[in-house]
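What follows is a single structure, written as structure tokens, with notes after it.
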2 protein chains.
Amino acid sequence: MNGGDEIPEALSAAELRDIWPIATIADRVEGFKLLRRGEAEDLFLGLAPRDQAPLLLSLPREEQRSWMRLLPPDDAADLVQAAAAVQRGALLDLLDEPTRNEVNALLAYAADAAGGLMNPRYARLRPDMTVDEAISYLRKQARERLETIYYVFVLDDRQRLVGVVSFRELFSATSETRVQEVMRTDVVTVPEHQDQEAVSRLFATTGLLAIPVVDDENHIKGIITVDDIVGVVQQEATEDIQKAGGMEALDAPYLAIAFRRMVRKRAGWLSALFLGEMLTATAMAYFETEIARAVVLALFVPLIISSGGNSGSQASTLVIRAMALGEVRLRDWWRVIRRELAAGLVLGGVLGSIGFLRIVLWQAVSPLYGEHYLLVALTVFGSLIGVVTFGTLAGSLLPFVLRRFGFDPASASAPFVATLVDVTGLVIYFSVASVILRGTLL
Amino acid sequence: MNGGDEIPEALSAAELRDIWPIATIADRVEGFKLLRRGEAEDLFLGLAPRDQAPLLLSLPREEQRSWMRLLPPDDAADLVQAAAAVQRGALLDLLDEPTRNEVNALLAYAADAAGGLMNPRYARLRPDMTVDEAISYLRKQARERLETIYYVFVLDDRQRLVGVVSFRELFSATSETRVQEVMRTDVVTVPEHQDQEAVSRLFATTGLLAIPVVDDENHIKGIITVDDIVGVVQQEATEDIQKAGGMEALDAPYLAIAFRRMVRKRAGWLSALFLGEMLTATAMAYFETEIARAVVLALFVPLIISSGGNSGSQASTLVIRAMALGEVRLRDWWRVIRRELAAGLVLGGVLGSIGFLRIVLWQAVSPLYGEHYLLVALTVFGSLIGVVTFGTLAGSLLPFVLRRFGFDPASASAPFVATLVDVTGLVIYFSVASVILRGTLL
């Protein structure tokens, strides 16, 4: 929707949710106010925190309280964190005191750690209760604002986690069975400071609906439910994709982000790449005499360095993604190098053959490459094998080096790989040329 | 783990799950057989279908049946699809007849459509039941193999979906209330042939645990639960990341995929890029006289074309991801172009200025660029603005063109953008040079 269009009257909730990413803030507020209360609440609860915050703040002050109090503590904490620092105190004041204390406790965690994703309100039982007692107890609790009653956590008298039971298991058990006979004791848990990417992997492999967050002494601090994780997985994926494409994560929808902000993020990344690439001009200057003597060599420079860049980018993308999914670990570096060395030689051979053939065929059609065209073709063939192999090795090794020194492989690989491979590629190319073409063109 | 290492005896289930992606098939089977039955079942149920299939097939035939029958119909269908075609009949024969019929019905859907993700066994109620009747009924059903009892679907006498009620809502209601008074009638549904990426977006925005799949007449065909979606979102993200990095999706863990298969997929992609890039050699040949006359121009060729490539790849990555998340649609093309034109001019100005400065500064240090160095610097400045603007426009427009003609923008953009921008970049560069340097170097 263009900024100039009017929104037709009274969109349904589904329609409003549909156009949400591309509507302006004014349009969103207007559409929101026209919804029936129930639908508006559902829409609000389904928005990302960065959309909830401006929407709530645009409502009249006396209306803000009921919307803020609609949120469970973990979502309220996210909304507070999404708002500007100056507004956070006012937002927290909208909450009742017990909830405000809970939210403050959650705000102490990093937003993208397990503690920052969890909800401290979970259903709990004692191990010695009978199934019937448990079900009646949960029926009363069901009316309270628990995150979920579908997974119930069993705590001992010191509030430590001793087991978990799904509501369904309780429900299918016979009345006099005790909770401790039905519960599972090998509970999948997550430490408080675990990062969200690791948490989402755990959800993906276990298929659980909720996982408790525990401290060092196995006290539950809260639970994370799988619906929170879907949003996390998408967000992490978007960040990784944007990094693979050569830029800092935008963290806002493409058409909604302010122009200046988007350009600033992109300019930073492009400039970093550019500064690195300037070394190629230095490398080329080093071989200026060779180029002047055999201009035909210059014709293949873009082809050589782009092959190095493409193979390096392929290799680093694969390794980075494999690391993110837990398929490859730091100690697997040797196994990866062996694979990539072999792959690089094969791929270099394939591209080198295509390049060789192309020169020979073109020469037959129109003799552009002079009498020594076979030697030129051989130069290109040899250089491509060298460049592609180097590119593959560099591209696959760099994520390991970066991670070893504590950097995020996804952000830092692209500029390093590109520069390294381009500059080295030029050196390989002209060195091979000065050997093969010695005495003839050079 | 290297191929030569032995697995220590009797790994726990958590340890086995941890090393799973990097273990060989033989190691996996051995570790699996040493687990207690309950833990082995949990592990099996948490594996991806492509891992379940070879594991199951490696067990003795008489053991395979109980493992196959452990799976709900939707997961059984996925396992059958993951196996080789020749084995599918044998796998289906392991199932009891009613389940086999269900699975065959599911296999009729594409694996990555809503129908291919759903489970046909869901909990259902009639609208006129009382809450107490409903709870007793569900208590009996809880022992059966329903996907979930936590969302219950209300059907009329013609089996059409009229409402949904969460178990928790039933549980908190008073005993004599009728189901139709508690249920929600505006049910979020998904059509049978909806693709999985759209389904996962729906889960992300609504936060629901399960969504029913319906046909044109609002009969429920089955339900999809959110735990299935987490795996889908990760899989789609991995595919998109690998495409952004310049290759066909691997669809297997990095260290597990056979070397030959990996190289074949990568060689295909690299060769396609290479064939496109060969046009740069043709373009350079066209300007061979200019290069021979002003060799200094050759020094900046890698810098110019890499800037075009980087800005193009940035722009296309952003637009492709925005399309995948539903933030940008085909009809938004004009809005996108205006943004990208402006962004390209700004970014080109930034890079052009850096390039200009570099040449001027280097010349002061060591006069590599001859007496006309200022004109050379101006050439680089002007070319960079042109190349980056063109790259940004081309990179952002191409996904629209591809989608308009029915192609997947993510797969096809990279080779097109790279070739287009490199070749055009060279033409822009040498054309700008022949204007600015006319009469001096050229």
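The values are calculated or read from the model by the stated rules, or taken from the named source; none is laboratory data. Computed from a predicted model, the values in this text were never measured in an experiment. When we count neighbours, we look across all protein chains shown, and the Cβ atoms used for this are built from the backbone with ideal geometry, even at glycine.
The table that follows gives values for the structure above.
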| read-out | value |
| --- | --- |
| Evaluation of B:G386 against (1) at pLDDT below 95; (2) under 19 Å from B:T419 (Cα atoms) (one fails), failing number | (1) |
| Residue under evaluation B:N310, criteria (1) over 20 Å from B:V417 (Cα atoms); (2) touching a Leu at 6+ places or on another chain (Cβ under 7 Å); (3) touching a residue at least 60 places away in the same chain (Cβ under 8 Å), criterion not met | (1) |
| Of all residues making up the stretch A:53-76, the number that are among the aliphatic types (A, V, I, L, M) and either in contact (Cβ under 8 Å) with a residue 40 or more places away in the chain or farther than 19 Å from A:D27 by Cα (or both) | 4 |
| Some residue of the stretch B:210-233 being surrounded by fewer than 20 Cβ atoms within 10 Å (Cβ to Cβ) and polar (S, T, N, Q) | yes |
| Filtered residue count, the stretch A:270-282, keeping only those that are at the interface with chain B (Cβ under 7 Å from one of its Cβ atoms) and either under 12 Å from B:G348 (Cα atoms) or in contact (Cβ under 8 Å) with a residue 24 or more places away in the chain (or both) | 6 |
| Selection within the stretch A:396-442 - in a helix (DSSP H, G or I) and of a type in the set (F, W, Y) | A:F400, A:F416, A:Y429, A:F430 |
| Enumeration of residues in the stretch B:340-367 that are in contact (Cβ under 8 Å) with a residue 40 or more places away in the chain and facing chain A (nearest Cβ under 7 Å) | B:A343, B:L347, B:L351 |
| Evaluation of B:D156 against (1) surrounded by fewer than 19 Cβ atoms within 10 Å (Cβ to Cβ); (2) closer than 30 Å to B:R69 by Cα (one fails), failing number | (2) |
| Any hit, the stretch A:129-139, residues being more than 30 Å from B:A173 (Cβ to Cβ), part of a helix (DSSP H, G or I) and either free of Cβ contacts under 8 Å to residues at least 40 places away in the same chain or among the basic types (K, R) (or both) | no |
| Residues of the stretch A:189-215 satisfying the condition of being part of a loop (DSSP other than H, G, I, E, B) and of a type in the set (F, W, Y) | none |
| Enumerated helices (runs of 4 or more DSSP H) restricted to the stretch B:33-127, each holding at least 3 residues that are of a type outside the set (A, V, I, L, M, F, W, C) | B:37-46, B:49-58, B:61-70, B:73-82, B:85-93, B:97-107 |
| Subset of the stretch B:289-318 that is more than 7 Å from every other protein chain (Cβ to nearest Cβ) and not small (G, A, S) - its residue that is surrounded by the most Cβ atoms within 10 Å (Cβ to Cβ) | B:I304 |
| Hits in the stretch B:206-242 - residues which are at the interface with chain A (Cβ under 7 Å from one of its Cβ atoms) and within 18 Å of the chain's Cα centre (by Cα) | B:V226, B:D227, B:I229, B:V230, B:G231, B:V233, B:Q234, B:A237, B:T238, B:D240, B:I241, B:Q242 |
| First in the stretch A:23-52 and away from every other protein chain (no Cβ under 13 Å), second anywhere and outside any helix (DSSP H, G or I), Cβ under 6 Å, 6 or more apart | A:D27/A:I7; A:G31/A:I7; A:G31/A:L11; A:L34/A:A10 |
| Some residue of the stretch B:165-185 being at pLDDT below 90, within 25 Å of B:L71 (Cβ to Cβ) and assigned to a helix (DSSP H, G or I) | yes |
| Number of the exception - A:L393 against (1) touching an Asp or Glu at 6+ places or on another chain (Cβ under 8 Å); (2) not in a helix (DSSP H, G or I) | (2) |
| Verdict on A:L341 being in a helix (DSSP H, G or I), touching a Lys or Arg at 6+ places or on another chain (Cβ under 7 Å) and at pLDDT 90 or above | no |
| Among (1) surrounded by 19 or more Cβ atoms within 10 Å (Cβ to Cβ); (2) farther than 27 Å from A:K33 by Cβ; (3) within 21 Å of the chain's Cα centre (by Cα), the one test that A:A111 misses | (1) |
| Qualifying residue in the stretch B:99-108 (condition: among the β-branched types (V, I, T), over 27 Å from B:L250 (Cβ atoms) and at pLDDT 90 or above) | no |
| Qualifying residue in the stretch A:272-289 (condition: modelled with pLDDT under 85, under 29 Å from A:V417 (Cα atoms) and among the hydrophobic types (A, V, I, L, M, F, W, C)) | no |
| Of residues in the stretch A:363-395 being among the polar types (S, T, N, Q) and under 22 Å from A:S311 (Cα atoms), the one surrounded by the fewest Cβ atoms within 10 Å (Cβ to Cβ) | A:T389 |
| Within the stretch A:41-57, tally of residues that are closer than 21 Å to B:F203 by Cβ and of a type in the set (G, A, S) | 2 |
| Residues of the stretch A:270-314 classified as farther than 21 Å from A:F381 by Cα and within 27 Å of the chain's Cα centre (by Cα), total | 8 |
